[in-house]
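The values are calculated or read from the model by the stated rules, or taken from the named source; none is laboratory data. Just so you know, these numbers come straight off a predicted model, no measurement behind them. All Cβ positions, even for glycine, are placed from backbone atoms using ideal geometry, and neighbour counts span all protein chains on display. With ligands, DNA and RNA removed, areas are computed over all heavy atoms of the protein, side chains included. Shrake-Rupley method; radii C 1.70, N 1.55, O 1.52, S 1.80 Å.
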Amino acid sequence: SLHSLTPYLKSDFFKSLHEDYDYEPWFRNKAREGRRAWVTWQKPDILGAICIYTQQNNERITQEGLVLQGPALKLCTFKVSESVQGRKVGELFLKAAFRYATDNRLENIFIHGDKDKHYFLFEMLKDFGFSHIGSDPGSKGRDVVYLKRHPVNRPDDNQGAFEYMKNYFPHFKYDNSIGKYIVPIKPAYHQMLFPDYQASMQKQLNLFTSDNFVGNAIKLAYLCHAQTKQINPGDVILFYRSQDEKAITSIGVVENYDSLQDAEAIARCVKRRTVYSMDEITEMAQKLTRVMLFRIIKHLKKPLGQDYLKINNILNFVPQSITKISNDTFERIIASEG
């Protein structure tokens, strides 16, 4: 709650906000209203980042007169301090915002800010489907407004598969033209990439408590020596957690798939998106390495274990490498979600 954060208003973290706006009265007023925020701490009692959010109904969000019909999610303050940059906190906040909007059936997410001072924030937001739609009506044209459509139902749109996912996340295309693959992953790497996944032997969610910064991200990377030569942007991947759960747990969409054998080139490609150390990348690069960049979409409500996969003729063997599946097989997996 903002009320619990008022003791930190005089801290260095809020200094730039006080300089730009009459921020403290606004903050205290919203705290009295019961408004809440997602936060990251640099260390105990030192704020590292904050995203204040609220629902608004039938809101006029631009000076040009655009009104969003029904409830929408507004991101009011989105600040990441230099002390936590590189930890993918921005993507962590977006992950929380998308989840909140999905759970509350909110079909629009928007934010406003100074187009120059918040340039890097807006560049990140554009990469996740936000677009500039006008000027903030309360700032006399000083601030711009960025909007992301977040439809409850899957839109009928002829965009390419990857662009469709980016613009309509968490929806994604999976018609007959889209490739579908099962991707095996060891438990240790699965836990690092997906700390918000609740494994059967891991009873506590780690999304907001983990020191694993790669797991904060939506944009991730997977390295392997699979024989599969070509996977296209927009193709769907299903992660199979091997060894312990032996189950399909999570769905992602491919951003890029390449074959490289230069360790430094691989490291540049997967920078801050992979759980592998430079030593591990160097060792892998002794052979031609498949580099898959992808975006995590969701975790299945109930993991599909080996017995379920066999009984339903989805997977009759334990996958040792990337395995292509048919559209009918994928439809059976989707149907298991209800």
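This table checks each residue for (1) of a type in the set (D, E, K, R); (2) within 21 Å of Ile218 (Cα to Cα); (3) at pLDDT 95 or above.
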residue	(1), (2), (3)
Trp38	no, yes, yes
Pro44	no, no, no
Thr54	no, no, yes
Glu59	yes, no, no
Glu64	yes, no, no
Gln69	no, no, no
Thr77	no, yes, no
Glu82	yes, yes, no
Val89	no, yes, no
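Please work out which one of (1) over 23 Å from the mean Cα position of the chain (by Cα); (2) under 19 Å from Tyr23 (Cα atoms) is the condition Ser135 fails and give its number.
(2) is the only condition that Ser135 fails.
Residue by residue, here is whether (1) of a type in the set (A, V, I, L, M, F, W, C); (2) out of contact with any His (no Cβ under 9 Å at 6 or more places or on another chain) holds:
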| site | (1), (2) |
| --- | --- |
| Thr6 | no, yes |
| His18 | no, yes |
| Glu24 | no, no |
| Gln63 | no, yes |
| Ala72 | yes, no |
| Thr77 | no, yes |
| Val80 | yes, yes |
| Val84 | yes, yes |
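Kindly indicate whether any position in the stretch 132-147 is modelled with pLDDT of 95 or more, of a type in the set (Ser, Thr, Tyr) and not in a helix (DSSP H, G or I).
yes
Consider Leu66 carefully, then state whether it is within 19 Å of Ile111 (Cβ to Cβ) and buried (at least 19 other Cβ atoms within 10 Å of the Cβ). Walk me through how you get there before you give the answer.
Numbers: within 19 Å of Ile111 (Cβ to Cβ): yes; buried (at least 19 other Cβ atoms within 10 Å of the Cβ): no.
Spelling it out, it is not the case that Leu66 is within 19 Å of Ile111 (Cβ to Cβ) and buried (at least 19 other Cβ atoms within 10 Å of the Cβ).
Kindly indicate which of Phe172, Phe128 is surrounded by 21 or more Cβ atoms within 10 Å (Cβ to Cβ), at negative phi and assigned to a loop (DSSP other than H, G, I, E, B). Before you say what the answer is, go through the steps one by one.
Numbers: Phe128 fails: surrounded by 21 or more Cβ atoms within 10 Å (Cβ to Cβ).
Within the list Phe172, Phe128, the selection yields Phe172.
State whether one or more residues within the stretch 277-293 are surrounded by fewer than 16 Cβ atoms within 10 Å (Cβ to Cβ), in a loop (DSSP other than H, G, I, E, B), on the phi < 0 side of the Ramachandran plot and of a type in the set (D, E, K, R). Steps first, answer last, please.
If we filter the stretch 277-293 for residues that are surrounded by fewer than 16 Cβ atoms within 10 Å (Cβ to Cβ), which is where we start, we get 277-280, 282-283, 286-288.
Next, from what is left, pick out any that are in a loop (DSSP other than H, G, I, E, B): 277, 286-288.
With on the phi < 0 side of the Ramachandran plot added as a condition, the list becomes 277, 286-288.
Now drop any that are not of a type in the set (D, E, K, R), which leaves 287.
The answer is yes; a qualifying residue exists.
Would you point out the residue of the stretch 60-100, among those that are touching a residue at least 24 places away in the same chain (Cβ under 8 Å) and of a type in the set (D, E, K, R), that is farthest from Ser1 (Cα to Cα)? Talk me through it step by step, then tell me what you get.
As a first pass, look at the stretch 60-100 and keep what is touching a residue at least 24 places away in the same chain (Cβ under 8 Å): 60-64, 66, 68, 70-81, 83-84, 86-98, 100.
Next, only the ones that are of a type in the set (D, E, K, R) stay: 60, 64, 74, 79, 87-88, 91, 95.
Values: Arg60: 26, Glu64: 33, Lys74: 16, Lys79: 16, Arg87: 23, Lys88: 22, Glu91: 21, Lys95: 19 Å.
If we take residues in the stretch 60-100 being touching a residue at least 24 places away in the same chain (Cβ under 8 Å) and of a type in the set (D, E, K, R), then Glu64 is farthest from Ser1 (Cα to Cα).
Mind checking which pairs have a first residue in the stretch 1-16 that is in contact (Cβ under 8 Å) with a residue 40 or more places away in the chain and a second that is in a loop (DSSP other than H, G, I, E, B) and open to solvent by 40 Å² or more (accessible area, probe 1.4 Å), Cβ under 9 Å, 6 or more apart or different chains?
Qualifying pairs under 9 Å: Leu2/Glu33; Leu2/Gly34; Ser16/Lys117.
One line per residue, one yes/no per condition, for (1) open to solvent by 40 Å² or more (accessible area, probe 1.4 Å); (2) under 20 Å from Asn104 (Cβ atoms):
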{"site": "Tyr8", "(1), (2)": "yes, no"}
{"site": "Lys15", "(1), (2)": "yes, no"}
{"site": "Asp20", "(1), (2)": "yes, no"}
{"site": "Asn29", "(1), (2)": "yes, no"}
{"site": "Leu47", "(1), (2)": "no, no"}
{"site": "Ile50", "(1), (2)": "no, no"}
{"site": "Glu59", "(1), (2)": "yes, yes"}
{"site": "Thr62", "(1), (2)": "no, no"}
